[in-house]
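Structure first, commentary second.
The values are calculated or read from the model by the stated rules, or taken from the named source; none is laboratory data. Keep in mind that what you see is a predicted model, and the values were worked out from it rather than measured. Here the Cβ is made from the backbone with ideal geometry for all residues, glycine too, and neighbour counts use every protein chain on show. Quick note on the areas: whole protein, heavy atoms, side chains included, nothing else; ligands and nucleic acids left out. Shrake-Rupley method; radii C 1.70, N 1.55, O 1.52, S 1.80 Å.
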Amino acid sequence: MDTIFALATARGKAGVAVIRLSGPRAAEAGQALAGGLPAPRVAGLRRLTDPDGVLLDEALVLRFEKGASFTGEEVVELHCHGSPATVAAVLDVLGRMPGLRLAEPGEFTRRALENGVLDLAQVEGLGDLLEAETEAQRRQALRVLSGALGVRAESWRTRLIRAAALLEATIDFADEEVPVDVTPEVGTLLDEVSGELSAEIDGVAVAERIREGFEVAIVGPPNAGKSTLLNHLAGREAAITSEHAGTTRDVIEVRMDLHGLPVTILDTAGLRDSVDAVETIGITRAIERAQAADLRVFLLDERGETQGLRPGPDDIVVQGKADLGGASGLAVSGKTGQGVAELVARITSVLETRAARAETATRQRHRQAMIGARAAIGDAQNQLSLGMEAAELAAEDLRRAIRALDSLVGRVDVEHVLDEIFASFCLGK
């Protein structure tokens, strides 16, 4: 196997740049550069030189033994000064060493997966952590990276194996008296696992929204102050504002961080009957995006009317242009900021309540694997309802459920998703 190397920190000028090596020749290469390596997991200051003895840099060097590193292989890290010239010089020397090559994007993490240091769900959690922009995304990614989903999957798997073993015992001793009726224990195990899978499946949609971002659509009639409100929330002129109705023709999006939650605010075309063909297209798009959004804020004018959409149970209804006076209840003004803090608090409260329903699984792939496992358990339960004569068929259904859970953490049937996952990783990770 090749020994790989790459810059593990961001490119450009920095105080420190970390160059990572992993593979069977990592220690040999590190020793050639540094003249000697420190003890494992102990940082040592070393002078890095090229094969001709020319000084490249003075760096901190770390060594990790095989089985005790991120990749599970022998790893050496060079903590150099972060100038582009220094990094380029060290990488050039490494690139000319026999048996070494530049790592591909995500290759260090892929080796961690192949060596059993991380399971596939943890790899996905690491990818999410690298992309995290908000506090909620960071916490969720860390939960997955810690192996929480793998622990749950192993718990489900252990109980299903126990249930299958009990059923297979009745098959193996079909001609003899089995001293204990296994049906109650098997039924309890299957009910428990199926119920836990259902709760996890229901939480995936919310977890996906935390990972990708919630959408909140501002809807209402023309000239209710939607674009002005969006600009106030964004802190910049994201949308054109005008006293003329129908100015907004397309959906305008602004990405925000609301109390740690990733949120995209959508400014939509004013809802009204229009003979303008272009405006009509904008109104149609506005209705479609608003219906697909996680939450809608209905911003009303003095008439208090909406067309094409009606508020749902969780939607927020507010009066616009509060600076003009005469509004009752919750009212906002994007021009002066009146009521905006209260509106943001209402939006945050609704989304935080939904976010609290998130479980450990975060991706559609997780959901499909769990749905497959739950369906197989349901088939097993149906077989057992016919009596122990169908125990062999039920046991096969449980084996299908176990295979589905194995795919969840990457034990089987995941080769087709690996390239897609690692394509999003940066070089050096």
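Remarks
- Pairing each residue of segment 361-383 that is modelled with pLDDT of 95 or more with any residue that is open to solvent by 30 Å² or more (accessible area, probe 1.4 Å), provided the two are 6+ apart or on different chains, yields C-beta distances under 6 Å for A376/R400.
- Boolean, T170 is among the polar types (S, T, N, Q) and in contact with a strand residue (DSSP E or B) (Cβ under 6 Å, 6 or more places away or on another chain): no
- Of the residues making up segment 124-138, those that are open to solvent by less than 30 Å² (accessible area, probe 1.4 Å) and part of a helix (DSSP H, G or I) number 7.
- From the options A331, A327, residue that is closer than 29 Å to A355 by Cβ and at pLDDT below 85: A331
- Whichever residue in segment 327-341 is touching a strand residue (DSSP E or B) at 6+ places or on another chain (Cβ under 9 Å) and open to solvent by 80 Å² or more (accessible area, probe 1.4 Å) and, among such residues, is nearest to T134 (Cα to Cα): Q338
- Verdict on A121 being open to solvent by less than 50 Å² (accessible area, probe 1.4 Å), among the small types (G, A, S), in contact with an Asp or Glu (Cβ under 9 Å, 6 or more places away or on another chain) and within 25 Å of V409 (Cα to Cα): no
- Matching residues in segment 22-50 - criterion: being farther than 23 Å from E114 by Cα, in contact (Cβ under 8 Å) with a residue 40 or more places away in the chain and surrounded by fewer than 20 Cβ atoms within 10 Å (Cβ to Cβ): A32, D50
- From R303, R346, R310, residue being open to solvent by 10 Å² or more (accessible area, probe 1.4 Å) and at pLDDT 85 or above: R346
- For segment 358-378, taking the residues that are surrounded by fewer than 17 Cβ atoms within 10 Å (Cβ to Cβ) and not aliphatic (A, V, I, L, M), the one that is farthest from Q140 (Cα to Cα) is identified as G378.
- Segment 386-406, residues that are modelled with pLDDT under 90 and in a helix (DSSP H, G or I): M388, E389, A390, A391, E392
- Every pair of residues 6+ apart whose Cβ atoms lie under 9 Å, when the first sits in segment 186-213 and is at positive phi while the second is loosely packed, with under 14 Cβ neighbours inside 10 Å: G213/E133; G213/R255
- Flag: T158 matches the condition of being of a type in the set (V, I, T), open to solvent by 40 Å² or more (accessible area, probe 1.4 Å) and at pLDDT 90 or above.
- Some residue of segment 139-153 being part of a loop (DSSP other than H, G, I, E, B) and either of a type in the set (V, I, T) or crowded, with 20+ Cβ neighbours inside 10 Å (or both): no
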